[in-house]
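Notes for the one structure printed next.
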């Protein structure tokens, strides 16, 4: 949720952010109007209540006609106080409802434009020149007995799969290596719930009423998460964190679920775009003034993991019009996929500033003891999709796949061999 003080003090900043996102900036005027009317109603309510209390004290000292007049006035005030309170609450509810629909304010440094207007910040490594025709990850996965899409579809439907044998070992090894790196960097490892309450989902920044990507269990009013960012963001909801212990850093391991609505016909082959996958996600709570520096740290940890699995990749700065609702800035790391001849996203890290914390009421006390909102950030450290890039970039002419050196102790193999 946006900061109402920023709305009042610098409405043009929110207008500019809305335009950068390709959103309607007239919402700013609607918010300002509701905020002004709510504050006016609150002032009226407080003034009437103060007069009501004053008259209440005077009644006991008065007598005769004066007492009756005061009683009549007290009765009138009681009705007006109730009416003013109801009006203030109504306007406050309308303001909150509208504010919940407004995305986070974009950092000014984010590129302008939409999905294709990202800025490439750096390219690491060189795409491999093959002296044979490279296979795609699904053909390799079938040769290795690592990926079974056919039985995944039989059991669960399209876009589901089994990882078996070396495929399962590869994913477990990758995620274990990611978790170990996170622990060494000071993160607390977490196994998170995959079902959350609507307030947790909405508090993280998802529009649950209209988001077609989210799986919902209506009988229980619970939602399957698409990332452990959701339970980690809600973990400290309604709490005041210890300033001296900031930043709080967690690494969440969970299965993730996405409908992939609107993606029919896209990436239907293999495990690039599926309904269920596993992921290790970094999540950080820090002081707002430290969030940009923390964002760079998360990106550096993502790059460290990509370097360990020896992939050529690039880092992009996502354009404002392609940011999610909660993100003020987002960096993606995209690995080269030989069979497609292009880069595909493997990680993303977002600075959500105080947007999520304001919704979830996560605060800390400053040096003067006053509660302040924290900033929250998230970043992918490893996920099932990495298997695509690892298989394709490290394949050999005979269909075997060389396991990256850093990953070998976690997989227990140096080479993945095709089934006989």
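A few comments on the model shown:
- Some residue of segment 188-197 being closer than 30 Å to residue 96 by Cα, in a loop (DSSP other than H, G, I, E, B) and at pLDDT below 95: no
- Selection over segment 87-132 of residues that are touching a strand residue (DSSP E or B) at 6+ places or on another chain (Cβ under 7 Å) and closer than 30 Å to residue 395 by Cβ gives a count of 8.
- If you filter segment 18-29 down to residues that are surrounded by 15 or more Cβ atoms within 10 Å (Cβ to Cβ) and in a helix (DSSP H, G or I), you find that the one that is nearest to the chain's Cα centre (by Cα) is 21.
- Residue 107 falls short of the stated requirement of being under 36 Å from the mean Cα position of the chain (by Cα), assigned by TED's automatic domain parsing to the domain that holds residue 350, at pLDDT 95 or above and within 30 Å of residue 352 (Cα to Cα).
- Hits in segment 171-199 - residues which are surrounded by 17 or more Cβ atoms within 10 Å (Cβ to Cβ) and within 28 Å of residue 145 (Cα to Cα): 171, 173, 174, 175, 176, 177, 178, 179
- Within the option set 88, 110, being part of a loop (DSSP other than H, G, I, E, B) and touching a residue at least 24 places away in the same chain (Cβ under 8 Å) holds for one residue only, 110.
- Filter pass, residue 94 being surrounded by fewer than 12 Cβ atoms within 10 Å (Cβ to Cβ) and touching a helix residue (DSSP H, G or I) at 6+ places or on another chain (Cβ under 6 Å): no
- Among the candidates 246, 298, residue that is under 27 Å from residue 365 (Cα atoms), more than 19 Å from the chain's Cα centre (by Cα) and modelled with pLDDT of 95 or more: 246
- One residue from 334, 293 being without any contact (Cβ under 8 Å) to a residue 24 or more places away in the chain, under 27 Å from residue 113 (Cα atoms) and touching a strand residue (DSSP E or B) at 6+ places or on another chain (Cβ under 6 Å): 334
- Note on segment 338-353: residues that are surrounded by fewer than 23 Cβ atoms within 10 Å (Cβ to Cβ) and either touching a residue at least 60 places away in the same chain (Cβ under 8 Å) or assigned to a loop (DSSP other than H, G, I, E, B) (or both) amount to 5.
- Qualifying positions in segment 355-408 - modelled with pLDDT of 95 or more, within 30 Å of residue 101 (Cβ to Cβ), touching a strand residue (DSSP E or B) at 6+ places or on another chain (Cβ under 6 Å) and assigned to a loop (DSSP other than H, G, I, E, B): 374
- Some residue of segment 134-148 being exposed (fewer than 14 other Cβ atoms within 10 Å of the Cβ), closer than 30 Å to residue 416 by Cα, free of Cβ contacts under 8 Å to residues at least 12 places away in the same chain and assigned by TED's automatic domain parsing to the domain that holds residue 211: no
The values are calculated or read from the model by the stated rules, or taken from the named source; none is laboratory data. Keep in mind that this is a model prediction, so the values were computed, not measured. No Cβ is skipped: glycine too gets one built from the backbone with ideal geometry, and neighbour counts run over all protein chains shown.
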